Amino acid sequence: MSGSTTKSSAGVIDWKNGLLSGPNVRHKTKTLGEMEGIFHDSSAFASMDPNTVIYRVQWIDTAAADESGLLWGNTTIEPGRVGDEFFMTYGHFHAKSDRCEFYATISGSGRLVLMSREGHSWTEDMCAGSLHYIHGDTAHRVVNVGDDPLTFVACWPSDAGHDYESIAKHGFSLRVVAGQGKSVTKEAPSSK
Ligand code: PAN
Ligand code: ZN
């Protein structure tokens, strides 16, 4: 923050790419090998390098995992496909089922896939500037349907937690796949 005398207590965000810097920034990189069973084309999955980076996450660890804390983060999903299915996040419910979240897109083109506990899924289009409110007890996953990286920022309660097991077990009831020159959604088989 050159030229500024203001001190930022939580860190610094670069709005061009959402990237964070500061002492409490944490990182996670998700590779293809860590997403076994998530993409529906298992032979396409097996033919690819498991070290392929699918997405990177940064977040500010506020060390405030109490009812009044908030977390802030960003995710960048690489462009690419496993078979006809676009690269995407693993997806999760929040462990505390009533905890909500905001997503805001910085750049790229995607679909936010949402799913109720009853297994009803729908999507919202993501593009630069799109803002998405994810209600409690709604699973969420982001799919990059473009040719460039997709970056979004997120803000969620620090005690929300992540339930990945439900997704590993049951998946989402909708998939976003490449169609004739554009992305299409299609119903997934009942299990995964
Ligand atoms: C996001 C996600 C992030 C990565 O910060 O954690 O996009 O997706 P997965 O957690 O599904 O791997 C969020 O939704 N936090 O609650
Ligand atoms: Zn979440």
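The values are calculated or read from the model by the stated rules, or taken from the named source; none is laboratory data. No experiment lies behind these values; they were computed from the predicted model shown. Here the Cβ positions follow ideal geometry from the backbone for every residue, glycine too, while neighbour counts run over all protein chains shown. Calculation scope for accessible area: heavy atoms of the full protein, side chains included, ligands and nucleic acids excluded. Shrake-Rupley method; radii C 1.70, N 1.55, O 1.52, S 1.80 Å.
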### Task
Please identify the longest segment of the chain free of exposed GluC sites (Glu not before Pro), where exposed means a DSSP state other than H, G, I, E or B and no more than 16 other Cβ atoms within 10 Å.
119-192
## Note on the structure
Pseudo-spin-label distance Ser42 to Lys96, built 7 Å along Cα→Cβ, given in nm, is 3.8
### Task
Name the residue, out of Gly11, Gly83, Gly119, whose mean-square fluctuation peaks in a Gaussian network model built on the chain with Cα pairs under 10 Å.
Gly11
### Query
What net charge do the residues around Val177 carry, taking every other residue with its C-beta under 9 Å from that of Val177, with Lys and Arg at +1 and Asp and Glu at -1?
+1
### Task
Could you give log10 I(q)/I(0) at q = 0.09, 0.16 Å⁻¹ for the range 1-153, computed by the Debye formula over C-alpha point scatterers of equal weight, without solvent?
-0.32, -0.97
### Query
Going from most exposed to least, what order do Trp15, Trp122, Trp156 have by accessible area with a 1.4 Å probe?
Trp15, Trp122, Trp156
### Task
With runs of 4+ DSSP H residues as the only contributors, calculate the mean residue ellipticity of the chain at 222 nm using -39,500 (n - 2.57) per run, divided by the residue total and rounded to the nearest 500.
-1000 deg cm²/dmol
#### Entry: Gained length - Ala168 relative to Glu78, 0.36 nm times residue gap less alpha-carbon distance
30.3 nm
### Task
Leaving ligands, DNA and RNA out of it, report the carbon-plus-sulfur percent of the accessible area of the range 92-182 at a 1.4 Å probe.
51
### Query
What full-extension length gain, to one decimal in nm, is calculated for Cys155 and His135 as 0.36 nm per residue of separation minus the Cα-Cα distance?
5.9 nm
### Task
For the range 20-49 and the range 92-140, write down the distance between their C-alpha centroids in whole Å.
19
### Message
Keeping all protein chains in the complex and leaving out DNA, RNA and ligands, what accessible area do you get for Thr138 with a 1.4 Å probe, in Å² to the nearest 10?
### Response
20
### Query
Lysine pairs in the chain with alpha-carbon atoms under 26 Å apart, 8 or more places apart or on different chains: how many are there?
16
### Task
Restricting things to alpha carbons, find the Rg to Rh ratio for the range 114-176 using the Kirkwood radius for Rh.
0.95
